[in-house]
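The block underneath contains the structure these notes are about, expressed in structure tokens.
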Amino acid sequence: MGILTDDMRRMVDEQQLGFIATVCPDGTPNLSPKGTTAAWDDEHLVFADICSPGTIANLRHNPVLEINVVDRLLRKGYRFKGTADNPQRSLGSTRSSSSMGGGVRLPSSTISCW
């Protein structure tokens, strides 16, 4: 059984906008909205690297991140903490020809709902 519930996948896929928090090399936080956030499978979220040089550089330096997805109308959301599997991997024909930010592995103990 996967980590992501049907409700989590539904919210991520419907909202698409995820706020990605990473850590800069100097230790300061970086928050970047990504309008391509999606559930890749039952254990990973992904986002496209369209214009994300800071986010990708931060993930290469320190692969920990947090993704927040919120339904603004319902005022409900999920916080996903995880580790980037492979920042800026190309997924080729399995997803699209664009470069993805990489899969984010989600340990089940790091997902919270509000």
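The values are calculated or read from the model by the stated rules, or taken from the named source; none is laboratory data. As the structure is a prediction and not an experimental result, all values here were calculated from the model. Here the Cβ is made from the backbone with ideal geometry for all residues, glycine too, and neighbour counts use every protein chain on show.
Couple of notes before you dig in:
- Residue identified as modelled with pLDDT under 85 and surrounded by 14 or more Cβ atoms within 10 Å (Cβ to Cβ) among Leu106, Leu17: Leu106
- Criterion violated by Val23 - all others in (1) β-branched (Val, Ile, Thr); (2) more than 19 Å from Thr83 (Cβ to Cβ); (3) in contact with a helix residue (DSSP H, G or I) (Cβ under 7 Å, 6 or more places away or on another chain) satisfied: (2)
- The requirement of being part of a strand (DSSP E or B) and among the hydroxyl-bearing types (Ser, Thr, Tyr) is fulfilled nowhere in the range 39-61; no residue meets it.
- Selection from the range 33-63 of residues that are touching a residue at least 40 places away in the same chain (Cβ under 8 Å) and of a type in the set (A, V, I, L, M): Leu45, Val46, Ala48, Ile50, Ile56, Leu59
- Scanning the range 33-43 for residues being surrounded by 14 or more Cβ atoms within 10 Å (Cβ to Cβ) and farther than 16 Å from Gly82 by Cβ gives a total of 1.
- Selection from the range 20-32 of residues that are without any contact (Cβ under 8 Å) to a residue 40 or more places away in the chain and surrounded by 12 or more Cβ atoms within 10 Å (Cβ to Cβ): Cys24, Asn30, Ser32
- Restricting attention to the range 44-63 and to residues that are within 13 Å of Gly82 (Cβ to Cβ) and either at pLDDT 90 or above or more than 11 Å from the chain's Cα centre (by Cα) (or both), the residue that is surrounded by the most Cβ atoms within 10 Å (Cβ to Cβ) turns out to be Leu59.
- The set of residues in the range 64-76 being over 19 Å from Cys24 (Cα atoms), surrounded by fewer than 17 Cβ atoms within 10 Å (Cβ to Cβ) and in contact (Cβ under 8 Å) with a residue 40 or more places away in the chain consists of Asp71, Lys76.
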